[in-house]
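The structure appears below as structure tokens.
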Amino acid sequence: MRKLLFAINPISGGIDKNGLRSNIADWCDDSTTPDFTFFETSGKNDSEKLRKKIDDYKPTAVIACGGDGTVNMVAQVLLENENIKLGIIPLGSANGLATELEIEEDTEAALDIVFKGKSKKVDVLQINDQHLCLHLSDIGLNAKLIKRFEKGSNRGKIGYARHFFETLFNKKALTYKFETPEGIFEEKAEMVVFANAREYGTGAVVNPIGRLDDQQFEVCIFKPYPWYAIFRLTYLFFTGKLNYSPFVKIFSTKEVLVICEKSEHLQIDGETVGKHKKVKVALTKKQLNVFVP
């Protein structure tokens with residue numbers, strides 16, 4: 001019998017979730033899955049508490065109800081339990097992985113995907129031997145933008161736009177050293193993306209050649225570019241042709257060590273994790289089993 005554990009982040013995305021439990025309960029009661037329960041994150045020891053809940057309840061699937069941060073936290077726990085599937089109800093301000101998997105930002109549509117039971121295995125990246133990445137991580141320009149947005153008082157699209165242009169006009173290229181099984185080289189770059197997936201939640205395709213299940217990931221290097229090139233880059237971003245730009249270098253690998261000339265902000269699945277001078281990225285041996293349309 002299927003047993004579903006719904007892991008709810010009550011504050012993700014600033015979305016009102018007062019009716020979420022009743023909606024899920026109604027959906028489950030109308031389905032062939034009467035056995036379900038809830039777990040709510042608090043921001044304190046969530047991973048440990050979720051592990052205990054899983055040990056006690058023994059679910060067949062855990063459904064992350066929140067944004068990319070919630071999905072990442074649940075995934076870290078499920079990587080230890082290969083027989084438990086991951087479901088996603090995208091309820092965050094950023095739902096990058098859900099967008100990549102074509103899971104709609106509609107609770108009933110997302111629940112329908114879980115109950116239909118179709119799933120696929122997806123790759124997982126480990127960063128600096130302590131963080132997991134399911135979607136996209138980067139060091140440099142975008143990570144700085146996310147950090148400014150997190151610290152800023154202006155939220156929403158207007159606030160994001162202000163921080164975007166502040167970051168854009170204060171960008172600075174640094175020298176990065178790349179060590180891979182295929183070779184060692186250096187590049188000047190304004191941003192380096194570690195891409196398990198293809199696109200950001202905004203729809204900008206940073207990695208046109210990416211696949212979530214191909215047992216490799218891409219490193220996307222954004223070289224210094226003149227101000228007027230931003231218009232062409234933006235077009236290539238949103239048409240999925242960024243690999244045609246002379247200012248972007250993309251290569252596939254199973255592991256990489258990136259060393260920057262000075263410490264830079266690093267973000268993982270939409271969450272900043274401080275400044276780092278070295279970033280080691282490698283595929284984990286295990287994959288996650290995720291419900292998909």
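Just so you know, all these numbers are worked out from the coordinates, no wet-lab data involved. Remember, predicted model here, so these are calculated numbers, not experimental data. Cβ atoms come from the backbone with ideal geometry, glycine included; neighbour counts cover every protein chain shown.
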Checklist outcome for this item: Within the chain, excluding any chymotrypsin sites (Phe, Trp or Tyr not before Pro) found in a DSSP loop (not H, G, I, E or B) and having at most 14 other Cβ atoms within 10 Å, the longest uninterrupted segment runs 1-168
Checklist entry - What's the center-to-center distance, using Cα atoms, between the range 80-133 and the range 210-243 in Å? => result 24
Checklist entry - Taking the Cα atoms only, what angle lies between the long axis of helix 68-78 and the longest principal axis of the chain, rounded to 10 degrees? => result 60
Checklist entry - What residue among Pro90, Phe115, Ile54 has its Cα farthest toward the positive end of the dipole of the range 4-117, where the charges are +1 on Lys, Arg and -1 on Asp, Glu, each on the Cβ? => result Ile54
Item to check | Calculated FRET value between Thr234 and Arg51, using beta carbons and R₀ = 35 Å, to 0.05 | outcome: 0.25
Checklist entry - For the range 194-293, rounded, prolate or oblate, judged on the Cα gyration tensor with a ≥ b ≥ c (square roots of eigenvalues), a/c < 1.5 rounded, else prolate if a/b > b/c? => result oblate
Item to check | Separation of the Phe185 and Ala282 label points, Cα + 7 Å toward Cβ, nm | outcome: 2.3
Checklist entry - Tell me, in nm to one decimal, what length is gained between Ile259 and Glu104 on full extension, where the rule is 0.36 nm per residue of separation less the Cα-Cα distance? => result 52.1 nm
Checklist entry - Classify the chain: rounded, prolate or oblate, from the alpha-carbon gyration tensor (a ≥ b ≥ c, eigenvalue square roots; a/c under 1.5 rounded; otherwise prolate if a/b is larger than b/c)? => result prolate
Next on the checklist: On a full-extension model of 0.36 nm per residue, what is the gain between Ala204 and Ala173, subtracting their alpha-carbon distance, rounded to one decimal in nm?
Outcome noted: 9.0 nm
Checklist outcome for this item: Tilt, helix 107-116 to longest principal axis of the chain (alpha-carbon atoms), in degrees rounded to tens, equals 70
